[in-house]
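Below is one structure, written out as structure tokens; comments come after it.
The values are calculated or read from the model by the stated rules, or taken from the named source; none is laboratory data. Computed from a predicted model, the values in this text were never measured in an experiment. Virtual Cβ from ideal backbone geometry, glycine too; neighbours counted across all protein chains shown.
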Amino acid sequence: MNTSGKIPVTIITGFLGAGKTTFINGILKNNAELKFALVENEFGEVAIDSKLIKGVEASRIFELKNGCICCTISNEYELALAELVEKFPDVYHLLIETTGIANPAPVIRPFFADENMTKLFHFNGTVCLVDALNYQRYPAKILANKQIAIADYLIITKAEELNAEQKTAFSDVVKRINPYAKTAFSEFGFAPDFQLSQVGYQLKVFPEFEINEQSHETIQTKTFRFNHPLELNVFNDWLSYHLDIYKEQIYRIKGIFCFEDEPYYYYLQGVGGGFELTESDSLVLEKKCELVIIGNLKDVNLDYFP
């Protein structure tokens, strides 16, 4: 909480798979002595990202699922903010992670338009993560550019794959969309130059990015749940095959799995047709698996599963 007695709020946005959850974990790790709260919004019915957060007590994570706070569940969003203040008045800073397909403007709006919210919160600004590897292949480029345009601070992620010339060229691309935002690079999920105190909200006007409410009708989610361990190699083959066939339609995959003869849970993250399975440090206590697939799935056949 700042000297005004209000809770500072920072919104973390960016297109699907840009690295928002990893970035938030970095903030929490670098400020381990501070008390954070987190509003976690996921487009699907299963909360995956909140399970990957480390550094915030579970009770201080507010999950908003199965819709975007920018459109379909805005009422739930404002109720969660009010509940947060009531339960945790000692919160030092509130982080809000939007879905990867969110329009950030309605997420920001309550902190200026709602009299109660303006008394309780100080809006610190918006951070947008931009995936340097997959930006040119984004299936919803207009939406991604709107997220960039509204940001006060841009983090260019996966920069470890770029040389100095490519970094300059990509930085020029995002600066043409938003010349006013501060910009930093992130390598392997770590942005050493970033500080929350430096975000600094500033009023911007971008007529070409005037944003209307939208329902994301062309984007769907499909969720798989299993109450038994999967066979790792069979799952890998199935997922690789379908991501190759439907790489234009599948925008994002994520999940938590237990596999046969493996004592720890595995986390799945994927974007742009590729994916990574990472062994966690959490022992398997409940044998269940959850997979969330996000994309234009209308004509995608994913009913068979190994």
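Among all residues of region 287-296, there is at least one that is at pLDDT 80 or above, farther than 19 Å from Pro139 by Cβ and surrounded by fewer than 17 Cβ atoms within 10 Å (Cβ to Cβ).
Could you check, for region 48-71, whether at least one of its residues is at pLDDT 85 or above, surrounded by fewer than 20 Cβ atoms within 10 Å (Cβ to Cβ) and outside any strand (DSSP E or B)?
no
Does Ile245 satisfy the criteria of being surrounded by fewer than 17 Cβ atoms within 10 Å (Cβ to Cβ), at pLDDT below 85 and among the aliphatic types (A, V, I, L, M)? In short, yes. Could you please let me know if Val127 is at pLDDT below 90 and either in a strand (DSSP E or B) or over 14 Å from Thr13 (Cα atoms) (or both)? So Val127 does not fit the description; no.
Exactly one residue out of Phe43, Phe15 is surrounded by 22 or more Cβ atoms within 10 Å (Cβ to Cβ), farther than 22 Å from Glu86 by Cβ and modelled with pLDDT under 85, and it is Phe43. Taking region 167-194 as the range and being in contact (Cβ under 8 Å) with a residue 12 or more places away in the chain and assigned to a helix (DSSP H, G or I) as the test, the residues that pass are Lys167, Phe170, Ser171, Val173, Val174, Ile177. A single entry from Ala105, Ala113, Ala140 fulfils the requirement of being under 17 Å from the mean Cα position of the chain (by Cα) and more than 16 Å from Asn41 (Cα to Cα): Ala140.
Residues in region 178-193 that are in contact with a Lys or Arg (Cβ under 9 Å, 6 or more places away or on another chain) and buried (at least 19 other Cβ atoms within 10 Å of the Cβ) were compared, and the one that is nearest to Leu28 (Cα to Cα) is Ser186. Any idea which residue in region 130-148 is modelled with the lowest pLDDT, counting only those that are hydrophobic (A, V, I, L, M, F, W, C) and more than 29 Å from Tyr92 (Cβ to Cβ)? Among those residues, the one meeting the criterion is Ala140. Residues in region 106-142 that are closer than 17 Å to Gly19 by Cβ and crowded, with 20+ Cβ neighbours inside 10 Å: Thr126, Val127, Cys128, Leu129, Val130, Asp131, Ala132, Asn134, Tyr135, Tyr138.
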